[in-house]
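The values are calculated or read from the model by the stated rules, or taken from the named source; none is laboratory data. For clarity, every value in this text was computed on a predicted model and none was experimentally measured. So basically every Cβ, Gly included, is an ideal-geometry build from the backbone, and we count neighbours across all protein chains shown.
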Amino acid sequence: MKILFISNLYPPFFVGGYERTCQDVAEALRAKGHEITILTSDFKAGGWVEPTSGIFRTLKLHVRNEANIYEHSAYSGAELGRLNEHNIRAFDEAVRRANPDLVFAWNLYFFGQPFMGHIDRVPRPLVYFVSDNWVEQFFPGPYRDLKGRLAAQIKNERLRRIALWGARRFGVRNRLKGAAIFSSRFMVRLHKDAGVTFSDSTRVYNGVDLSRFLEKKRTRYEIESVANLLFAGRIVDVKGVHLLLEAMKILVHGKGLRSIKIDLYGDQSHWRYVEKIKTLIEEFKLQEFVRMTPPVPQDELADLFRKYDIYVFPSLHEPFSITLIQAIAAGTPVVASDAGGNLEIVRDGKNGLAYSKGDARALAGCLSKMLSDVNLRRRLGEQGACDAARFSLPAMTGPIEAYLKKIVSQKTGAKS
């Protein structure tokens, strides 16, 4: 197959695991003999020379400040119109040059709805990879408004569900012509609840190259003089780092656990939130217990996870976490919130501990339990390493390849 990938960002320019997973899947499909073309933005790519052909950085994000992609960018109506027109022309040109059998749309956040609508009308087989809420964000629409009104007006849960079913059944929804691959059951539910539907869909879990994580089996679960905790991820509010600091405050100043430290590894470009975290560290008197550090390269992550006694993941919204998979693959004991798709990776009491998202006291309780029991850490860590095989890169790319072939064959069969 000839496949045209579309993504807002593409390595070496990225902010999280989504873009790197896009690259992993593209390269895996290329290795299987498919002809791959990438269409992405020119974000931070000034003067960049592609090491391989078939990557076009011609799209433009609705982002003014390349130093902080999260900063709100205000545009006039005329400016937005020019951006959308440029991106539509860039997409049409990429389709003309690549002549793909299928268009594979990844994260289109930071683009406009007119661009997304144009892609959805492409006269080619089209599949969306839905591993975040970017599709749902494009369509706040009448269904979500109706859902809010029903929640306020109909107190009986059963009657409210019947009313929502009627809204979906009789047209209060946003239907896309393309098919969808969801990365988790949570993402399926999220879009169903938002009234966003696709022509066809399937679920394929995110996958990770596990070779570096599984090549060295973790054998040490004893804590030496200081318990070393790790958070790795973007330093943004939805990752719940502020709640992690609240839990640390409870452990250090409430329970008197002074032999404990946590390192926060991650992108710090969301400077307003980073400043909030630095302020909380001082306010909670945690300066000697918390350290912030930039992210490490991908090929160093396996060794990073093995260095720490516990991995903490306090996310408030999580479609399906790549770093959570990497943590359990490394055999590192995990404490995670029950947000989003986390419970499709972490089985509470089996391969990690889970707590109710947003509850700093419950997080502190899980950490206290984990810190006090070496046998628990060993059992959860060893089971996590075994469970990680479900989320390997081949376990992801195989079903994706099969589904893309199915969609292409359905479209070509319909034409003939």
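Table for the structure above
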read-out	value
Contacts under 8 angstrom Cβ, first residue in the stretch 375-389 being in contact (Cβ under 8 Å) with a residue 40 or more places away in the chain, partner part of a helix (DSSP H, G or I) and small (Gly, Ala, Ser), 6 or more apart	384/327; 384/329; 385/329; 388/329; 389/395
Test: residue in the stretch 44-56 that is in contact with a Leu (Cβ under 7 Å, 6 or more places away or on another chain), closer than 28 Å to residue 393 by Cα and touching a residue at least 24 places away in the same chain (Cβ under 8 Å)	yes
Qualifying residues in the stretch 270-283 (those that are buried (at least 18 other Cβ atoms within 10 Å of the Cβ) and not aliphatic (A, V, I, L, M)) - the one nearest to residue 72 (Cα to Cα)	270
Enumeration of residues in the stretch 247-264 that are more than 10 Å from residue 289 (Cα to Cα) and crowded, with 20+ Cβ neighbours inside 10 Å	247, 251, 264
Hits in the stretch 346-387 - residues which are within 19 Å of residue 315 (Cβ to Cβ), hydrophobic (A, V, I, L, M, F, W, C) and either surrounded by fewer than 22 Cβ atoms within 10 Å (Cβ to Cβ) or touching a strand residue (DSSP E or B) at 6+ places or on another chain (Cβ under 8 Å) (or both)	346, 353, 354, 360, 362, 363, 366, 367, 370, 380
Candidates 190, 230, 245, filtered to the one that is touching a residue at least 12 places away in the same chain (Cβ under 8 Å), part of a helix (DSSP H, G or I) and within 16 Å of residue 263 (Cβ to Cβ)	245
Residue in the stretch 114-121 that is exposed (fewer than 14 other Cβ atoms within 10 Å of the Cβ), in a loop (DSSP other than H, G, I, E, B) and either polar (S, T, N, Q) or touching a residue at least 60 places away in the same chain (Cβ under 8 Å) (or both) present	no
Sole exception among (1) more than 26 Å from the chain's Cα centre (by Cα); (2) at pLDDT 75 or above; (3) in a helix (DSSP H, G or I); (4) surrounded by fewer than 16 Cβ atoms within 10 Å (Cβ to Cβ) for residue 75, by number	(3)
Qualifying residue in the stretch 362-377 (condition: modelled with pLDDT of 95 or more and within 19 Å of residue 210 (Cα to Cα))	no
Single match in 185, 220, 212 (criterion: without any contact (Cβ under 8 Å) to a residue 40 or more places away in the chain and charged (D, E, K, R))	220
Listing of strands (runs of 3 or more DSSP E) fully contained in the stretch 274-367 that carry 2 or more residues being over 17 Å from residue 260 (Cα atoms) and not assigned by TED's automatic domain parsing to the domain that holds residue 67	334-337, 353-355
Answer from 127, 95, 63 - the residue that is of a type outside the set (Asp, Glu), touching a helix residue (DSSP H, G or I) at 6+ places or on another chain (Cβ under 8 Å) and surrounded by 15 or more Cβ atoms within 10 Å (Cβ to Cβ)	127
Residues satisfying the stated conditions in the stretch 154-196, i.e. modelled with pLDDT of 60 or more and among the aromatic types (Phe, Trp, Tyr)	182, 186
Looking only at the stretch 37-51, and only at residues there that are of a type in the set (Val, Ile, Thr) and closer than 17 Å to residue 19 by Cα, the one that is surrounded by the fewest Cβ atoms within 10 Å (Cβ to Cβ)	37
